[in-house]
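S.K.: Here it is, the structure in full.
What follows is calculated from the coordinates using simple rules that are stated; it is not laboratory data. Fair warning: this is a prediction, and the values are worked out from it, not measured in the lab. All Cβ positions, even for glycine, are placed from backbone atoms using ideal geometry, and neighbour counts span all protein chains on display.
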Amino acid sequence: MRYYSYDEFLQDVKSLIKRIDEDFDAIVAISRGGLTLGHFLGEYFDIRAVYTINAIGYEGQKKLACVTLANTPDLSCHKRVLVVDEIVDSGDTLQQVMDELKSKFPDIIYKSAALFYKPSARYRPDFFVQYADEWIDFFWARDLHDTHD
């Protein structure tokens with residue numbers, strides 16, 4: 001298990017920003033892990049249309065048998081949408097989210113971004129920063145529960 005600090009996150013978001021060489025008019029963050037990244041990218045690119053879609057595919061570190069989606073946003077007014085998550089592990093979540101959005105809003109151009117990508121995943125994001133080969137313990141999951149301050 002690898003601890004991933006805020007400082008690393010900030011550095012990687014800046015690296016990801018340099019890789020995103022296209023314009024988007026909306027961001028969809030996959031909740032919960034993609035929320036922080038979606039917020040930062042929205043701030044940097046001055047995109048106020050930052051939405052979320054709920055996807056539940058894990059319980060702690062245990063992968064569930066299927067991904068459950070809820071709260072698909074209405075993207076009908078948008079032309080180019082960036083879908084973001086913190087990590088593409090198996091790729092099941094991102095694949096299902098992309099399929100859902102494309103089926104409901106087929107005329108939109110979609111791209112995806114993540115901080116981490118596992119090459120064994122069934123879906124490769126268009127933009128990513130690091131490869132992952134172990135469980136990533138993100139600062140937002142660990143630091144709030146750390147009582148040793």
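S.K.: What is the extension gain from LEU144 to ARG124, computed as 0.36 nm multiplied by their sequence separation minus the C-alpha to C-alpha distance, in nm to one decimal?
M.R.: Value of the extension gain: 4.2 nm.
S.K.: Rounded, prolate or oblate: pick one for the range 69-127, where a ≥ b ≥ c are the square roots of the eigenvalues of its C-alpha gyration tensor, a/c under 1.5 means rounded, and failing that, prolate if a/b is larger than b/c, else oblate.
M.R.: Prolate, since a/c reaches 1.5 and a/b exceeds b/c.
S.K.: Sketch the reach of a paramagnetic label on GLN95 as a point 7 Å from Cα along Cα-to-Cβ, and name the residues of the range 109-149 whose backbone nitrogen lies under 11 Å away.
M.R.: Backbone N within reach: 121-124.
S.K.: Among the trypsin sites (Lys or Arg not before Pro) within the range 64-149, which fall in a DSSP loop and have no more than 15 other Cβ atoms within 10 Å of their own Cβ?
M.R.: Hits after loop and neighbour filter: LYS79, ARG122.
S.K.: Something else now. Let me make sure I get this right: for the range 1-78, a, b and c are the square roots of the gyration tensor eigenvalues over alpha carbons, sorted descending. Under 1.5 in a/c it's rounded, otherwise prolate if a/b > b/c, else oblate. Which is it?
M.R.: Oblate shape, in that a/c is at least 1.5 and b/c is the bigger or equal ratio.
S.K.: Looking only at GluC sites (Glu not before Pro) in DSSP loops with at most 11 other Cβ atoms within 10 Å, what is the longest site-free stretch of the chain?
M.R.: It works out to 23-133.
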